[in-house]
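To start, the structure under review is shown below, and the notes come after it.
The values are calculated or read from the model by the stated rules, or taken from the named source; none is laboratory data. Keep in mind the model is a prediction, meaning the values are calculated, not measured. Here the Cβ positions follow ideal geometry from the backbone for every residue, glycine too, while neighbour counts run over all protein chains shown.
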Amino acid sequence: MKKFLFIFLGLVFLGCNSKLPDTINSEYKNLPKVVDFNFHIRPILSDRCFHCHGPDENARAADLRLDVRESAIALLKDKEISAIHPNKPWESDLVNRILSHDDELIMPPSDSKLELTSREKALLIKWIEQGAEWKEHWAFTAPIKATLPEVKNTEWVKNELDYFVLNNLESKNLNPSPEANKETLIRRLFFDLIGLPPSIKDIQAFKNDTSERAYENLVDRLLNSPRYGERWAWEWLDVARYADTNGFQGDFTRDMWPWRDWVIKAFNSNMPYDDFTIRQLAGDLIPDATQDDVLASAFNRNHPYNTEGGTIPEETRVVNVFDRVETTGTVWLGLTLECARCHDHKFDAISQKEYYQLFDYFNQTSEEGGGWGGNQAPLLNIGEEHQVKEIEKIQAYIEKLYNEVDKTELVKFPREKGKPTSESKKAKDLNGLDPRILARPAKLRAKNQYKRLSKYFKQKDEYGKLIKNVFDLKTEYDELASSITQVMVMDNLKEQRNTYVLNRGGYDNPRLDEQVYMNTPKALPKLPIDIKNNRLALAKWLVSREQPLTSRVTVNRYWQAFFGNGIVKTVDDFGVQGELPTHPKLLDWLSRDFQDNHWDLKALFKKIVMSATYRQSSKVSSYILELDPENKLLSHASRVRLPSWMLRDQALFTSGLLVDSLGGKPVRPYQPSGIWEEASFGKIKYKQDHGDALYRRTLYTFWRRIVGPTVLFDNSTRQKSAVKAMRTNTPLHALNTLNDITYLEASRVLAAKVMKQKNSIEDRIVYIFKKITSRTPKKQELDILKNRLERLKEEYNGNLREAEKIIHAGEYLIDEELDVSELASYAVITSMILNLDETITRQ
């Protein structure tokens, strides 16, 4: 205590920042005139202090909260000093602690491995000097559509976005890059808006159009293309963790593809994003809901579903609800809600109780968590009207029989109330029957289990007859179900299920004294008064004008799609641990504009691509690269490697193989043998499709959750919601695009077509190059390719066996009139061009 007092008094007597340690004093002199809490101080406190002095009450040390001003400026327990004394840093315990060299006093503690830099210490001191002003976390305040800032170079500006970007650049004495050339712009637009490259005809038409509206006309055409819906549906499938199987060891097939088609249609029809949200989160609860409304609710059944033997139904059910809560948090709130599943959030103002209040919204569906196979109730039946009525009739009857089975077993197999049938001594004494079959209630037993029960009891009594009746009806149900399509959707229980805070998130460890009810976090705006509080109310609240996060999070995620990074780089975390926006006023302006325009995504996208910011060249100087390596200032266009699904679609499109049709069942294109077998212990085998199914867009490729399509890399695993694509660079990527059958086949098909259409070597190479890269090759490039072609011809003339391998890649018919070695040579040249940096990168 004496040592602490000595340090404290010493600092009081310093009373002057010039007496600070030299390194801190030097940083202090270079600080901004005004230190901002949100942009300078909160990130420091969040990263170094909140773990022990933040929202989590159970982890809090010394009864001190630094995330709440009242606690931070109050007198410390049993002391006559506060952690923060506004305007008086030398009378603030926080300052004493961060400047201390005593291991018992220094903060952050030396054993925490956390340290403050000299600049951070200087910021904290100056902030306290200036009054220690507190602000609500920026993302939790309503966005404001600020007045457009002033700029000097008004001629550069195309629309409102540019004022914010240019104002920031000019404040740093920087200039934006010039506009990209037409070939680059059209290629950029095509990939960004429809996910495919332009044709040579498209390029030429755009170059020839010298009208003022040429660029805007192109944008409008692409926004109205049916391919637009396919391009943007892909990103939403990653967000929605869409797959065609359940995952886990059994990985049973499910039929969720009608929901995928609903998404494509929603994008193509430009469904307002608020409607898009409401229908997917609560379409089943909309008054007079249509089949399409209910289908939309499949969004929250896209998660993995564990039906492995030995699983506990209630555990599976609770895990599924966790997924829905956390997906909603990621997609619409940009918050890491998962942290609050087991305890109060250590950084954001989300308590564990509030997590389970959100949990209650998604806890009221009839999904039981058990079952066997792919499609798990509740289900939407899609088919002929008479088929749907018949299957619903059978299902209703089976439900009655389930109740009879449960009642009968209570008598036949006596046991303690609430215990499963398998716990009965009589059940355990059944010779030759695994009692685990009786571990689940009647409605959660698989058809195969009823078959085994039926064989065992052989209709000896009424129970045996009842079991046989259930088995026969389930067999009839399955036969009828195979003739229609069943999609897993949401519904609502007639009688509410109780929701409790789960201790440490354990499904079997509810705090029975802590029942919770549907509500939204206190840190965000309240629900409207006098509404029916259910999942539909939550969905409407998410897209209400008062709710500050959804519009920001959505605009930011789509900004990322066009510029490589979001205005907030951490697109999944708008909490205090997330990165700060590079252009906060621009983000807020766009967020409000998005709402003002009735959540119109096409209008948002058009605003972005029409801007001068978007149209810039990606060429950049070494000075700018060193100054701003991540292009946070947006002084030029960012070069972004195309996602692997887009690379495959590009290969199919440029070769003319792409089958252009919307929607339908998933397809199984080329895949190396043994992949599914190895992942499923030999139980599931891959049966490749043929014909047109091989050449559909990658969006329609069957997605096995335990092992995704082998042609893809750096893509979401679809195990959980993903809002930020991975970008890595390994030799495996090139091995894929150089050797996968799809790419080899596309190369030899395009080569064969060009050989038939063009006569000279130069014309052929120029055409292939332009078809793939959207530009004409330079003379030096053309010479390199011609020389390489001649060497390839020599090699293949001397090794026809290798040439045959090249031209027989894939199932597309071979033109027997063409010379084998020449076709193989052109095919390899085409493959080279498909693998050029500018081909796989959006410039």
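Structure notes:
- Residues that are in a loop (DSSP other than H, G, I, E, B), among the aliphatic types (A, V, I, L, M) and touching a residue at least 24 places away in the same chain (Cβ under 8 Å), drawn from the stretch 34-65: 34, 35
- All of (1) under 23 Å from residue 363 (Cβ atoms); (2) in contact (Cβ under 8 Å) with a residue 12 or more places away in the chain; (3) not hydrophobic (A, V, I, L, M, F, W, C) hold for residue 495 with one exception: (2).
- Qualifying residue in the stretch 616-623 (condition: in contact with a helix residue (DSSP H, G or I) (Cβ under 8 Å, 6 or more places away or on another chain) and surrounded by 24 or more Cβ atoms within 10 Å (Cβ to Cβ)): no
- Qualifying positions in the stretch 754-780 - assigned to a helix (DSSP H, G or I), surrounded by fewer than 17 Cβ atoms within 10 Å (Cβ to Cβ) and of a type in the set (D, E, K, R): 756, 762, 763, 779
- Any hit, the stretch 399-418, residues being among the aromatic types (Phe, Trp, Tyr) and over 25 Å from residue 365 (Cβ atoms): yes
- Neighbours by Cβ (under 8 Å, 6+ apart or cross-chain): first from the stretch 554-566, within 15 Å of residue 618 (Cα to Cα); second assigned to a helix (DSSP H, G or I) and of a type in the set (A, V, I, L, M): 562/608; 562/609
- Residue within the stretch 47-64 that is farther than 25 Å from residue 342 by Cα and either surrounded by fewer than 17 Cβ atoms within 10 Å (Cβ to Cβ) or within 34 Å of the chain's Cα centre (by Cα) (or both) present: no
- Within the stretch 485-529, the set of residues being farther than 24 Å from residue 332 by Cβ, outside any strand (DSSP E or B) and either more than 29 Å from the chain's Cα centre (by Cα) or of a type outside the set (Phe, Trp, Tyr) (or both) comprises 494, 495, 498, 503, 504, 506, 508, 509.
- Flag for residue 299 being in contact (Cβ under 8 Å) with a residue 60 or more places away in the chain, surrounded by 21 or more Cβ atoms within 10 Å (Cβ to Cβ) and aromatic (Phe, Trp, Tyr): no
- Test for residue 678: is it touching a residue at least 60 places away in the same chain (Cβ under 8 Å), surrounded by fewer than 16 Cβ atoms within 10 Å (Cβ to Cβ), acidic (Asp, Glu) and out of contact with any Asp or Glu (no Cβ under 8 Å at 6 or more places or on another chain): no
- Exactly one residue out of 700, 767, 743 is at pLDDT 95 or above and either of a type in the set (A, V, I, L, M, F, W, C) or not assigned by TED's automatic domain parsing to the domain that holds residue 789 (or both), and it is 700.
- Scanning the stretch 408-425 for residues that are surrounded by 12 or more Cβ atoms within 10 Å (Cβ to Cβ) and either touching a Pro at 6+ places or on another chain (Cβ under 7 Å) or among the charged types (D, E, K, R) (or both) yields 409, 412, 415, 422, 423, 424.
- Residue in the stretch 305-322 that is under 18 Å from the mean Cα position of the chain (by Cα), surrounded by 23 or more Cβ atoms within 10 Å (Cβ to Cβ) and over 14 Å from residue 237 (Cβ atoms) present: yes
- Each residue in the stretch 118-146 was checked for being touching a residue at least 24 places away in the same chain (Cβ under 8 Å), of a type outside the set (Lys, Arg) and assigned to a loop (DSSP other than H, G, I, E, B), and 11 pass.
- Just one of the listed residues (540, 451) is without any contact (Cβ under 8 Å) to a residue 40 or more places away in the chain and in a helix (DSSP H, G or I), and it is 451.
- Residue in the stretch 688-698 that is out of contact with any helix residue (DSSP H, G or I) (no Cβ under 8 Å at 6 or more places or on another chain), farther than 23 Å from residue 808 by Cα and surrounded by fewer than 20 Cβ atoms within 10 Å (Cβ to Cβ) present: no
- Matching residues, the stretch 615-672, being under 30 Å from residue 170 (Cα atoms) and polar (S, T, N, Q): 616, 617, 618, 621, 622, 631, 635, 638
- Of the residues making up the stretch 253-274, not a single one is on the phi > 0 side of the Ramachandran plot and free of Cβ contacts under 8 Å to residues at least 60 places away in the same chain.
- Residue identified as over 28 Å from residue 487 (Cα atoms) and hydroxyl-bearing (Ser, Thr, Tyr) among 698, 717, 728, 710: 728
- When residues in the stretch 193-208 are screened for being under 24 Å from the mean Cα position of the chain (by Cα) and either closer than 17 Å to residue 181 by Cα or surrounded by fewer than 18 Cβ atoms within 10 Å (Cβ to Cβ) (or both), 0 of them pass.
- Residues within the stretch 358-375 that are surrounded by 18 or more Cβ atoms within 10 Å (Cβ to Cβ) and at pLDDT 95 or above, tallied: 9
- Residue that is nearest to the chain's Cα centre (by Cα), among those in the stretch 66-104 that are assigned to a loop (DSSP other than H, G, I, E, B) and surrounded by 17 or more Cβ atoms within 10 Å (Cβ to Cβ): 67
- Among the conditions (1) closer than 30 Å to residue 336 by Cβ; (2) outside any loop (DSSP other than H, G, I, E, B); (3) among the small types (Gly, Ala, Ser), residue 725 misses just one, which is (2).
- Residue 155 being in contact with a helix residue (DSSP H, G or I) (Cβ under 9 Å, 6 or more places away or on another chain), surrounded by fewer than 20 Cβ atoms within 10 Å (Cβ to Cβ) and assigned by TED's automatic domain parsing to the domain that holds residue 581: no
- Look at (1) in contact (Cβ under 8 Å) with a residue 24 or more places away in the chain; (2) under 29 Å from residue 644 (Cα atoms) and you find that residue 797 fails only one, number (2).
Condition check ((1) touching a Pro at 6+ places or on another chain (Cβ under 7 Å); (2) under 28 Å from residue 768 (Cα atoms); (3) aliphatic (A, V, I, L, M)) across all residues:
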| position | (1), (2), (3) |
| --- | --- |
| 664 | no, no, no |
| 677 | no, no, no |
| 696 | no, yes, no |
| 706 | no, no, yes |
| 719 | yes, no, no |
| 731 | no, yes, no |
| 739 | no, yes, no |
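- The stretch 280-291 residues that are more than 15 Å from residue 361 (Cβ to Cβ), paired with ones that are buried (at least 21 other Cβ atoms within 10 Å of the Cβ) and of a type in the set (Lys, Arg) (beta carbon under 8 Å, 6 or more apart): 286/279
- Residues within the stretch 641-685 that are closer than 24 Å to residue 263 by Cβ and assigned to a helix (DSSP H, G or I), tallied: 9
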